[in-house]
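Report on the structure given below.
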Amino acid sequence: MTRLTLAGLAKTYARSGPATLHGLDLTVESGSLTALLGPSGSGKTTTMKLIAGLIAPDAGDIRLDDRSIRDLPPERRGVAMVFQNPLLFPHLTVAGNVGFGLRMRGLPPDRISAEVAAMLARVRLSDLADRRPAQLSGGQAQRVALARALVLRPAVLLLDEPLSSLDATLRDEMRGLIRDLQRETGITTLVVTHDQAEAVALADRIALLLDGRLAQHGPPEALYSRPASEAVARFFGGVNFLPGSVREGRFDCALGALELAFAAAEGPGLLTIRPEAIRLGPGPNQRGAEVRAATFLGTQTRIDLTVQGVALEALVAPDAGRALSPGSRVPISLPPAALWVVPRGRAATGGE
Amino acid sequence: MRADRLRLLAGLALAGFLILPLVPLALWSVAQGWRFPALLPQAWSGRAWAHALDPASGVLASLALTTLIALATTLLAALVGVPAGRALGLYRFRGKGIVTLLLLAPAVLPSIAVVFGLHGLFLRLGLTGTVAGVILAHLIPVLPYMTLVMAAVFSRLDPDLEAQARTLGATPFRAFRAVTLPAILPGLLTASLFAFLVSWSQYLLTLAIGGGRVQTLPLLLFSFSSAGRNDIAGAIALLYILPGVLVLILTARQVTGRGAALTQGLRP
């Protein structure tokens, strides 16, 4: 069990290459499964490669518990990385691939074959032990790559977009396998992903990286419903933003004074409500709305509303949306528990 | 059946192209006199072969020297060409186009354009008439082949493959040895085969830099042939093609049969 700490980690590329990092501070708690989430170009893979030791930081430190690994070569860090592409060694069998790291450690052959056999059984690949990588499907190759890293029992496991190359069914299976193995082994794991739904489904905690900076770090629900900034809210699919100011537990804006359930700092702010939290029908914070458009999306219907001159977007169950035609008027409710105020005009994180 | 017959026909045609030109050479090497318009030599003799295989004649020594020069040239070319090909194939850098052009230049320019300047330079360095000088000169036409073939091989290799090996606990040397080398081996063998044969068949550079003191087989062959000794020239010619055929047979499996290894794990 190892805690991974990144302190003021910075990396700038000379030319316009991969994204740069501006002093990243992040603590990945011992035994946690943390998702490093961010749009492409936010510096996620750079962070991974810095932790793995494949590139050197310009500034900052990387620590396992209290020991700095900043100046160690990759092979002596105790950090195993699984790349986006499985990168199996083509000339070795599945068993040979899984045993690679153990051989590099100089373990005796009988111990290697025992550990490899146990690991292959765990990822349900025992039948394929003698296959060559070219004979594997994408999902199988990804499992071999995971087994090859896990068999080393690294202090920290890094997974770079482990699900992005898989189709939907395999993705669910692989996600389950990663969660199970991580729980069984308790290895501190950092997963890079650009997909917020994936991060929410997979990880205990999410560290959101925007423009090379840590925008928010916490449990998935917190980033989802209590974003730290407008950029975080937008990254998690937030579309409704109302400028105004907090006064005595209410939010004054173009819609009048709205009840808040959470304590918010007095003064100017930006109100956000998730589209799926807007209720059609009477309730607290009720307002009259005009339907501009209703778009059937399959599992949900998106309704574009105008409320006192303000455009809002709501997501409702398909049945509820069917009856609404453009131009009709409906009452809507903005539940106080779904209203959240973020600081206004903080330019630090730009979002997309 | 038809496919079989077609394959047999193709095999025969190929064998014909390769072997038929050698028949007169073989006949010459055992002929005592063979004058127009006779279809076959009038008299047979093993004299040419006796001369060629006699240690005192220097033909065998020349065979050994030619082999040594070709092997040394190939080895040196690999030592330079593998890292150079890796840099060209894996990384993008400023001036890469110019480097590639400079590398290609010796393969495009005829040797004769280089030979006079090179001779002057080597003369000052005391390299003329030495085996080392000849090996260095042979590197001029050989290096482009080695480097460009290796650049093509490396350009299809995923640079993350070595990084992956490193994060699994391999030192840089072991990562190269255990992961990169097996992946590039078929390409390296192909490049080495080219390198060996290009060096093996050098005439002009060997003559100019070796100054007649480094007697490789092509030089020997030419001198016997121009002296009208068709029988000895025939015997030497057969010896001359032997290593090429041998190397080809030995590496054919690696180069073609295991061609799968060339594409596995490499980017499509």
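Computed from the coordinates by the stated procedures, all read-outs in this text should not be read as laboratory data. Everything numeric in this text was worked out from a predicted model, so none of it was measured. For neighbour counting, all protein chains shown are included, and Cβ atoms are generated from backbone atoms with ideal geometry for every residue, glycine included.
For the peptide B:154-161, the mean number of other protein chain Cβ atoms found within 10 angstrom of a residue's Cβ is 2. Over 29 Å apart: what share of the alpha carbon pairs of the range B:49-263 falls there, rounded to a whole percent? Counting pairs separated by more than 29 Å, the tail of P(r) holds 36 percent. Counting only other chain Cβ atoms within 10 Å of each residue's Cβ, the peptide B:123-134 averages 0. Only Cα sites of the range A:195-262 enter the Debye sum here, all with the same form factor; the resulting log10 I(q)/I(0) across q = 0.20, 0.22 1/Å is -0.85, -0.94, listed in q order.
Where q = 0.18, 0.23 Å⁻¹, what log10 of I(q)/I(0) comes from the Debye formula for the range A:236-342, counting one point per Cα? The calculated log intensity ratios at q = 0.18, 0.23 Å⁻¹ are -0.82, -1.25. Of all the Cα-Cα pairs you can form in the range A:4-225, what percent are over 31 Å apart? For the range A:4-225, the share of Cα pairs beyond 31 Å comes to 19 percent. Straightening the chain between A:Thr306 and A:Glu248 buys 18.2 nm, computed as 0.36 nm per residue apart minus the Cα-Cα spacing. Ignoring everything except DSSP H segments at least 4 long, calculate the 222 nm mean residue ellipticity for the protein assembly as shown; use -39,500 (n - 2.57) per segment, divide by total residues, nearest 500. Helices in the protein assembly as shown give a 222 nm mean residue ellipticity of -14000 deg cm²/dmol. Of the DSSP H helices in chain B, those that are both long (alpha-carbon extent of 30 Å or more along the helix axis) and hydrophobic (Kyte-Doolittle mean at least 1.6) are B:59-90, B:131-155, B:230-252. Counted by neighbouring Cβ atoms within 10 Å, the residues B:Thr66, A:Thr299 run from fewest to most as A:Thr299, B:Thr66. When all alpha carbon pairs of the range A:48-90 are counted in 5 Å bins from zero, the resulting P(r) reads 5, 22, 30, 21, 12, 7, 3, 1 %. Annotation: extensible slack from B:Ala38 through B:Leu181 equals 45.9 nm (criterion: 0.36 nm per residue apart, minus Cα-Cα distance). Ordered by the number of other Cβ atoms lying within 10 Å of each residue's own Cβ, fewest first, B:Asp4, A:Asp252, A:Asp211 fall into the sequence B:Asp4, A:Asp252, A:Asp211. Taken along the Cα-to-beta-carbon direction at a fixed 7 Å, the label points for B:Val99 and B:Leu248 span 3.4 nm.
Placing a pseudo-label 7 Å from each Cα along the Cα-to-Cβ vector at B:Thr171 and A:Val330 gives an inter-label distance of 6.9 nm.
Loop-located trypsin sites (Lys or Arg not before Pro) in the range B:1-84 (DSSP state not H, G, I, E or B) with no more than 13 neighbouring Cβ atoms inside 10 Å: B:Arg35. Within chain A, the longest segment free of exposed loop sites, counting chymotrypsin sites (Phe, Trp or Tyr not before Pro) that fall outside DSSP classes H, G, I, E and B and have at most 15 other Cβ atoms within 10 Å, spans A:14-261. Shielding by partners for peptide A:88-94, expressed as the average number of C-beta atoms from other protein chains within 10 Å of each residue's C-beta, is 6.
For the protein assembly as shown, what does the alpha-carbon gyration tensor say about shape, rounded, prolate or oblate, given a ≥ b ≥ c as the root eigenvalues, a/c under 1.5 as rounded, and a/b over b/c as prolate? Because a/c hits 1.5 or more and a/b exceeds b/c, the protein assembly as shown counts as prolate.
The alpha carbon gyration tensor of the range B:21-113 gives principal lengths a ≥ b ≥ c with a/c of 1.5 or higher and a/b greater than b/c, which makes the shape prolate.
Among the GluC sites (Glu not before Pro) found in the range A:235-317, those both in a DSSP coil and sparsely packed, with 11 or fewer other Cβ atoms within 10 Å of their Cβ, are A:Glu248, A:Glu266. Here the residues B:Thr216, A:Thr193, ranked from fewest to most Cβ neighbours within 10 Å of their Cβ, fall in the order A:Thr193, B:Thr216. Summary value for chain A: 17 percent relative contact order, contacts being C-alpha pairs under 8 angstrom separated by 6+ residues.
Only loop residues by DSSP count here, and only those with at most 15 other Cβ atoms within 10 Å; note down the chymotrypsin sites (Phe, Trp or Tyr not before Pro) in the range B:175-210 that meet that. Within the range B:175-210, the qualifying chymotrypsin sites (Phe, Trp or Tyr not before Pro) (loop, at most 15 other Cβ atoms within 10 Å) are B:Tyr203.
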